[in-house]
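Heads up, the thing below is written out as structure tokens.
Since every read-out is calculated from the coordinates, none of them should be taken as a lab result. Remember, predicted model here, so these are calculated numbers, not experimental data. All Cβ positions, even for glycine, are placed from backbone atoms using ideal geometry, and neighbour counts span all protein chains on display.
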Ligand code: GLP
């Protein structure tokens with residue numbers, strides 16, 4: 001199963017993950033980063049950008065692949081995932097924009113966009129570390145409940161719940177796109193290391209189902225149970241529905257060999 005790390009709060013969790021990423025970048029300047037949008041990883045990006053600036057390490061060879069994008073949204077829209085990745089990752093970290101990829105949600109090329117993205121990931125040698133958030137319904141990327149656990153990058157229809165959750169970023173629910181293009185669960189599972197982060201009571205059920213429930217396409221993040229190297233970093237509030245929270249804390253405190261995360 002995944003390693004579960006429970007920190008007292010979101011800031012401590014973000015520090016841990018940002019430190020880990022920074023060490024990995026220091027040792028491998030050609031790392032292929034798997035990026036996620038949503039509010040959850042923003043603090044990690046902010047901390048990582050500060051660390052990169054302070055250190056003067058060369059990040060121009062790093063590559064990035066984001067998980068998903070809305071279909072039909074203008075790249076320049078402030079809530080497009082192109083804009084979010086550009087503003088929170090590429091620019092503040094000083095990455096080469098040509099090496100940071102986000103799935104292409106343009107209507108004109110949408111049919112080939114999924115296979116093209118898969119080819120680009122393969123050409124980069126695969127994703128080394130994939131950061132993930134989780135939806136309240138257990139989705140990862142935009143793989144909504146019912147998504148095949150073997151799926152590849154493709155178009156999906158957003159659920160009502162996800163559109164409601166994401167409407168806080170738009171002026172109204174009507175403005176939230178209805179479709180997206182997302183890496184599949186099968187694509188995500190090929191990243192060498194998965195780090196899923198979740199905070200707050202609203203994600204507690206999704207985390208409990210995904211970590212301690214059965215493996216099911218109806219809790220897409222439960223696929224992580226089959227990944228050889230998956231880490232789940234949560235805060236106290238998000239651990240409230242886990243049956244074995246005390247054990248995970250104990251195991252983390254007594255970890256025999258410290259490997260960064
Ligand atoms: C969106 C993204 C997901 C993200 C989820 C949770 O639906 N496509 O990748 O994990 O939101 O967002 P937040 O981190 O804001 O709770």
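Report the antiparallel proportion of the DSSP beta bridges in the chain as a percent, rounded to a multiple of 5.
On the way: 8 of 30 bridges.
Just about 25 percent of them are antiparallel.
Divide the volume of the convex hull of the Cα atoms of the chain by its number of residues and quote the answer in cubic angstrom per residue. Provide the component values of the computation, followed by the final result.
Numbers: hull volume 30.8 nm³, N = 261.
Per residue, the Cα convex hull of the chain comes to 118 Å³.
Per DSSP H run of at least 4 residues, take -39500 (n - 2.57); add these up for the chain, divide by its residues and hand me the 222 nm value, nearest 500 deg cm²/dmol. Present the calculation step by step, with values, prior to reporting the outcome.
Details: 8 runs with 80 residues, N = 261.
Here the helix-only value at 222 nm equals -9000 deg cm²/dmol.
Distance from a point 7 Å along Cα→Cβ of residue 1 to each backbone N in segment 193-228: keep the residues under 11 Å and list them by number.
208-214, 225
If you count, for each residue, the other Cβ atoms within 10 Å and average over each peptide, how do 159-165, 204-210 line up from highest to lowest? Walk me through the numbers on the way to the answer.
On the way: 159-165: 15.4, 204-210: 21.1.
Put in order of decreasing packing, that is 204-210, 159-165.
What FRET efficiency do you get for residue 54 and residue 12 if R0 is 25 Å and r is their Cβ-Cβ distance, rounded to the nearest 0.05?
So, using R0 = 25 Å, E works out to roughly 0.80.
Sort the following peptides by mean Cβ neighbour count (other Cβ atoms within 10 Å, averaged over residues), highest first: 80-87, 104-111, 191-198. Don't skip to the end; give the middle numbers.
Working: 80-87: 20.4, 104-111: 14.0, 191-198: 23.5.
Averaged packing, sorted descending, gives the order 191-198, 80-87, 104-111.
Hey, for a label at residue 253 modelled as a point 7 Å past Cα toward Cβ, could you say which residues of segment 1-27 have their backbone N under 15 Å away?
Counting backbone N atoms under 15 Å from the label point, the list is 5-8.
Gain in length, residue 225 to residue 202, computed as 0.36 nm per residue apart minus the alpha-carbon separation, to one decimal in nm? Walk me through the numbers before you get to the answer.
On the way: separation 23, 0.36 × 23 = 8.28 nm, distance 2.12 nm.
Gain in length upon complete extension: 6.2 nm.
Quick one: P(r) of segment 98-143 from all Cα-Cα pairs, 5 Å bins, percents rounded to integers, in order of increasing distance.
5, 17, 21, 24, 20, 12, 2
Please report the equivalent ellipsoid semi-axes of segment 142-261, computed as sqrt(5 x eigenvalue) of the Cα gyration tensor, largest first, in whole Å.
Numbers: eigenvalues 156, 67, 32 Å².
Largest first, segment 142-261 gives 28, 18, 13 Å.
Whole Å is fine, so just give me how far the alpha carbon centre of segment 207-261 lies from that of segment 1-75.
Here the answer is 19 Å between Cα centres.
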